[in-house]
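Here's the structure, in structure tokens; my notes come after.
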Amino acid sequence: MDDAPVTVRVAPELVFLLRPRDRPARERRLGHDADATVGHVVQAAGVPLTEAGGLRLDGVPTVVGARPGPGSVVAVAAVPRPQPVPRGGFLLDVGLGTLARRLRLLGLDAAWSNDADDADLAARAAAEERVLLTQDRGLLMRRGVGGALVRGSRPDDQLADVLDRFAPSLAPLTRCTACGGRLEAVPTAEVADRLPPGTRRTFDEFSRCVACAHVYWHGAHARRIEALVARHR
Ligand SMILES: [Zn+2]
């Protein structure tokens with residue numbers, strides 16, 4: 001039995017992270033390696049530690065640094081939801097620009113840039129105490145990266161996943177969707193010359209981004225947001 005494989009068994013919510021052939025049984029068998037920790041084998045099975053909740057080794061609660069023996073079973077629970085909202089807010093991976101704009105629309109602090117590489121993202125998340133939202137498992141498996149794997153390929157599904165996972169309090173219409181800056185109310189007279197014809201007559205509440213000066217009129221903005229928020233109540 002000395003070379004018996006280690007079995008990693010995952011909660012139903014994590015099955016999609018396994019190889020297709022391992023999904024029916026919800027487990028992955030890996031050759032025993034005396035140097036491998038629980039954390040190593042969980043990630044080798046395809047589950048970033050950011051997605052792992054409670055861990056058990058042969059039925060007993062354990063920690064990532066423990067070492068499975070030959071024939072051990074490592075059971076992986078999903079992260080309990082909701083997770084606390086990170087102090088510094090969110091940082092979104094390059095491919096999640098649409099999700100970033102939607103989070104901002106709901107008033108959440110969602111940093112995003114279209115040209116950050118993996119090292120930039122990891123460093124910024126750590127420096128600003130943000131949680132990194134990504135669909136890249138390899139990035140989440142980097143040492144020291146605190147993040148969350150976003151489920152769903154459509155932005156609507158991704159938004160639903162993030163709101164379900166963190167249950168943040170929403171403050172619609174308080175942030176710029178372009179840059180994430182705070183919005184401040186602005187008198188119509190101050191922005192009248194920058195508005196398209198017809199806007200001034202139709203909408204009477206305006207706000208401006210303190211960071212990039214983009215002007216929003218709440219008629220159009222508010223209808224979009226109400227529809228978005230209504231879907232997540
Ligand atoms: Zn802005």
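Bear in mind that the values in this text are calculations on the coordinates, not laboratory data. These figures come from a predicted structure and were not determined experimentally. Glycine also receives a Cβ, built like all others from the backbone with ideal geometry; neighbour counts cover every protein chain displayed.
Taking the Cα-to-Cβ direction at R151 and at A227 and moving 7 Å from each Cα, how far apart do the two end points lie in nm?
2.6 nm
Among rounded, prolate and oblate, which fits the range 1-79 when a ≥ b ≥ c are the square roots of the eigenvalues of its C-alpha gyration tensor, a/c under 1.5 means rounded, and a/b larger than b/c means prolate?
Oblate, because a/c is 1.5 or more while a/b does not exceed b/c.
With a point put 7 Å past each Cα toward its Cβ, work out how far T174 is from R19 in nm, to one decimal.
Taking the simple label geometry, T174 and R19 are separated by 4.8 nm.
Using the charge dipole of the chain (Lys, Arg: +1 at Cβ; Asp, Glu: -1 at Cβ; taken about the Cα centre), state which of C212, S72, A45 has its Cα farthest towards the positive end.
Of C212, S72, A45, it is C212.
Given just the C-alpha atoms of the chain, how large is their convex hull per residue in cubic angstrom?
About 137 Å³ per residue, rounded to a whole number.
Cα centroid distance between the range 108-134 and the range 52-91, in Å?
Distance between centres, Cα-based: 23 Å.
Around P155, with a cut-off of 11 angstrom between Cβ atoms, what is the net charge of the other residues, counting Lys and Arg +1 and Asp and Glu -1?
So the environment of P155 carries a net charge of 0.
Using the 2.2 N^0.38 Å rule of thumb for compact globular proteins, work out how the range 17-153 stacks up: its C-alpha Rg over that value, please.
1.16
What fraction of the DSSP beta bridges in the range 6-78 is antiparallel, stated in percent and rounded to the nearest 5?
Roughly 70 percent of the DSSP beta bridges within the range 6-78 come out antiparallel.
At 7 Å along the Cα-to-beta-carbon direction for both V64 and C212, put a label point, then send me their distance in nm to one decimal.
Once both label points are built, they end up 3.4 nm from each other.
State the dimensionless ratio Rg/Rh of the range 90-166 (Rg: radius of gyration of Cα atoms; Rh: Kirkwood radius).
Over the Cα atoms of the range 90-166, Rg/Rh equals 0.92.
Could you tell me what percent of the DSSP beta bridges with both partners in the chain are antiparallel, to the nearest 5?
Once the DSSP bridges in the chain are tallied, antiparallel ones form about 60 percent.
With point charges of +1 on the Cβ of Lys and Arg and -1 on the Cβ of Asp and Glu, referenced to the Cα centre of the range 81-223, which listed residue (G89, L170, A127) lies farthest in the positive direction of the dipole?
Looking along the dipole axis, the top candidate is L170.
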